[in-house]
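Structure, as structure tokens:
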Amino acid sequence: MPAPDSTAPDRPPTTPRRPRAHTVALLAAFHGPEHPSQRHFARQQNLPRSTLQHWLRRQQRLDKDPLAARFFDSPSGLAFLHRLVVALHLVFPLQGCAGLRLLSQFLRLAQLDRLVAASHGARQQYAALLEQAVGDFADEQKPLLVAAMPTRAIAVAEDETFHPATCLVAIEPVSGFLLLEQYAERRDAATWDAALGQALAGLPVTVACAVGDEAKGLLAHAKHGLGVPHSPDVFHVQQEMSRAAGPALAARTRGALRDQEAARQGADAARAAQQEAAARPRGPGRPIDHDARVRRAEEGAAAAGRRVETCQGRQERARAAVRGFGEDDHPFDLVSGTPQGAPAVQRRLEGRLEALAGVARAAGLQGGWRERLAKARRVLPGLVAAVAYFWGRVRAAVAGCYGAGAWPWAERLVAGMYLRQAAAKAKGAERRRQLRALAAACLAEARGRGEEPPGGWPAAEALAWEWAGWFQRSSSCVEGRNGQLALRHHSLHRLSRRRLRALTALHNYWLRRPDGTTAAERFFRRKPEDLFGWLLEHLPLPARPARRRSAAA
């Protein structure tokens with residue numbers, strides 16, 4: 001290989017490409033009302049005339065309509081394109097589950113590929129920039145919101161999901177704010193302690209209780225890492241109760257319905273034979289006793305109907321026991337709004353388990369229903385302990401803020417706030433309306449029992465809302481989030497750490513409840529900046545499409 005010629009002249013440096021915003025601004029000035037000549041304008045702007053001519057030719061190729069071409073190659077048109085591209089990437093691939101190829105196809109169908117680079121590679125690079133920017137927005141907003149955040153105690157719902165790497169997820173259930181969502185090598189107590197400790201660092205919060213399933217790592221993490229009681233997930237208890245008798249009772253009901261249908265068809269056939277015999281002349285020999293046959297068939301159909309009613313009644317009593325278990329596991333009665341302590345809750349929960357066992361015994365069920373109910377009973381002490389801990393902590397908080405004499409009205413205030421939170425999770429519009437009406441009655445009763453507390457009623461209600469959130473009996477918010485992540489992983493086959501970070505930030509700072517608030521606003525009690533406006537300021541303008549190359553001969 002010959003040595004490079006040191007006497008060869010250096011290659012002249014290339015002229016740096018002008019920013020797109022600067023280019024469209026110059027074109028807008030050239031097309032202004034004065035409209036100078038190309039030579040004069042180029043001399044004014046210290047611009048080669050050939051460069052200006054190249055820009056004008058490119059503008060003419062944008063669209064057949066000269067007005068549309070000038071608009072999209074103007075500052076206003078560029079701002080519109082920028083907003084459109086950011087919105088497309090934010091809503092469809094990131095918030096939704098649309099792929100980048102669909103987004104590229106949209107740009108081509110809308111003929112925006114003449115203005116914006118629409119190839120998959122260009123969209124992929126832009127999607128990576130947007131994911132990084134969304135995560136950076138959350139990192140920037142968090143210390144600003146923490147600075148004005150009041151100190152308070154929160155509950156934490158925790159669980160793991162797998163796709164296939166282990167992902168630790170922790171949510172503050174009242175606000176729905178994702179405290180933790182990250183991949184980890186393990187899911188033991190030490191890993192949970194380190195991950196949640198890092199997530200809570202700098203936040204003026206203390207953990208009042210932790211709720212989750214009965215995984216050993218979560219139990220040890222709550223007891224030794226956080227130093228708080230672990231509240232079992234009532235859903236898993238109800239699941240064991242449903243599995244104990246539900247499938248067997250459903251099978252009995254299906255069998256009884258099949259028998260009823262067969263008996264009904266037999267009765268119909270007997271009546272048809274009776275009518276047919278009555279319509280034809282009587283033949284020789286002893287006649288068939290059709291009346292007895294019809295009577296026996298109708299009696300069999302009636303007996304089959306009673307068996308169906310018995311099976312359906314047992315099935316409904318089993319469902320009522322499972323539903324009632326969830327209705328009873330509250331520090332307040334959801335019908336009257338009166339407080340119920342740990343002993344009362346224990347009696348009611350044990351009654352539901354015994355009612356389900358009675359249904360199973362009456363049905364003569366075989367199998368492992370006793371083992372499943374025994375498994376559910378093992379979790380019962382944890383559920384009862386969570387209620388006792390809640391009342392002890394709330395009483396101490398009320399006494400510390402307002403004194404022991406404030407308990408009569410403070411308890412009603414906490415009841416109203418708790419019922420409001422329960423109404424938001426209740427199933428059915430009518431049930432939610434009932435709980436909201438009961439909550440309003442409790443709040444009105446609280447105001448009628450005492451004078452205005454120090455700081456006013458709004459401050460007292462804010463404290464009561466916080467105290468009511470200390471009782472959590474389900475990690476369903478985490479289960480729902482895990483389902484969302486599973487859908488993402490299913491569509492993409494993998495979730496990078498950058499994308500997971502962006503999805504976490506999107507959940508906290510972009511998604512809104514029907515009342516228009518984000519999870520960050522509810523958690524920090526202060527509205528963050530608008531994510532979309534921040535992205536418009538920090539993301540680069542859309543790149544022009546590359547010049548199309550002619551196909552090789």
Rel. contact order, % - alpha carbon contacts under 8 angstrom, at least six apart, the range 421-532: 10
Assigned charges on the beta-carbon of Lys, Arg, Asp, Glu; the chain dipole about Cα centre (debye): 1840
Tilt relative to the chain, helix 342-363 - C-alpha long axis, 0 to 90 degrees, to 10: 60
Projected label distance in nm at Ala269 and Asp136, using a 7 Å step from Cα toward the beta-carbon: 7.9
Charge tally in the Cβ shell below 12 Å around Leu349, where Lys, Arg are +1 and Asp, Glu are -1, Leu349 excluded: 0
Mean separation of Cα contacts under 8 Å, 6 or more apart, over the residue count of the chain: relative contact order %: 20
nm² value of the averaged projected area, convex hull over the Cα atoms of the range 435-553: 14.0
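Counting Lys +1, Arg +1, Asp -1, Glu -1, what net charge surrounds Phe41 among other residues with beta carbon under 13 Å of its beta carbon?
Value of the local net charge: +2.
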For the range 147-188: span of alpha carbons on each principal axis (Å, largest first): 38, 19, 17
Accessible-area composition of the range 81-213, carbon plus sulfur, in percent [1.4 Å probe]: 56
Selected from Ala201, Gln141, Ala68, residue furthest toward positive end of dipole (the chain; charges at beta carbon): Ala68
Computed helical MRE - 222 nm, the chain, DSSP H runs ≥ 4 contributing -39500 (n - 2.57), nearest 500: -21000 deg cm²/dmol
Between 0 and 90°, nearest 10: helix 429-449 axis offset from the chain longest Cα axis: 90
Packing-based ranking, highest mean first, of 330-343, 426-439 given that Cβ atoms within 10 Å are counted: 330-343, 426-439
Normalised convex hull volume, the range 415-478, alpha-carbon set, Å³ per residue: 84
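For the range 79-212, report the convex hull volume of the alpha-carbon atoms normalised per residue, in Å³, without decimals.
So the per-residue Cα hull volume is 142 Å³.
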For the range 91-138, accessible area per residue (1.4 Å probe, heavy atoms of protein chains only), Å²: 47
Which of Tyr389, Tyr183 is most accessible, then next, and so on - probe 1.4 Å: Tyr389, Tyr183
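Could you check how much of the accessible area of the range 343-414 is carbon and sulfur, as a whole percent, using a 1.4 Å probe?
Of the solvent-accessible surface of the range 343-414, carbon and sulfur hold 56 percent.
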In degrees, nearest ten, helix 290-328 long axis to first principal axis of the chain (Cα): 50
Summed residue charge, Cβ within 12 Å of Asn482's Cβ, Lys/Arg positive, Asp/Glu negative: -4
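What do you reckon, how do Leu218, Leu492 stack up by accessible area (1.4 Å probe), largest on top?
If we order Leu218, Leu492 from most to least accessible, we get Leu492, Leu218.
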Surface accessible to a 1.4 Å probe, per residue, for the residues of the range 360-463, Å²: 51
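Taking R0 as 45 Å, what FRET efficiency do you get between Ala262 and Lys425 from their Cβ-Cβ distance, rounded to the nearest 0.05?
Once rounded, the FRET efficiency stands at 0.55.
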Kirkwood-based Rg to Rh ratio, the range 361-431, C-alpha trace: 1.21
Residue-level accessible surface for Ser476, protein heavy atoms, 1.4 Å, Å²: 80
DSSP beta bridges in the chain [antiparallel fraction, %, rounded to 5]: 60
Sequence-distant aspartates and glutamates (8 or more away, or on other chains) whose Cα lies within less than 19 Å of Lys216: Glu158, Asp159, Glu160, Glu185, Asp188, Asp193, Asp233, Glu240, Glu479
More than 21 Å apart - percent of Cα-Cα pairs taken over the range 134-229: 31
Translational diffusion coefficient (Stokes-Einstein; Kirkwood radius from C-alpha pairs) of the chain at 25 °C, 0.890 mPa s, in µm²/s: 82
Computed Rg/Rh of the range 98-149, alpha carbon atoms with Kirkwood Rh: 1.25
Listed residue (Leu380, Ala263, Val394) projecting farthest to the positive dipole end of the chain, Cβ model: Ala263
Centroid-to-centroid separation of the range 184-225 and the range 80-151 [C-alpha atoms, Å]: 33
Above-threshold pairs, the threshold being 30 Å between Cα atoms, out of Lys223/Lys425; Lys142/Lys427; Lys425/Lys527: Lys142/Lys427
³J(HN,Hα), Karplus 6.51/-1.76/1.60, whole Hz, each residue of the range 391-407, x for Gly, Pro: 5, x, 6, 5, 4, 5, 5, 5, 5, x, 8, 10, x, 5, x, 8, 4
Relative contact order (%) - the range 260-309, alpha-carbon pairs under 8 angstrom, separation at least six: 61
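The values are calculated or read from the model by the stated rules, or taken from the named source; none is laboratory data. Since we're looking at a predicted model, the values are computed, not measured. Backbone-built Cβ (ideal geometry, glycine too); neighbour counts: all protein chains shown. When the accessible area is computed, the model is the full protein with side chains, heavy atoms only, and any ligands, DNA or RNA have been set aside. Shrake-Rupley method; radii C 1.70, N 1.55, O 1.52, S 1.80 Å.
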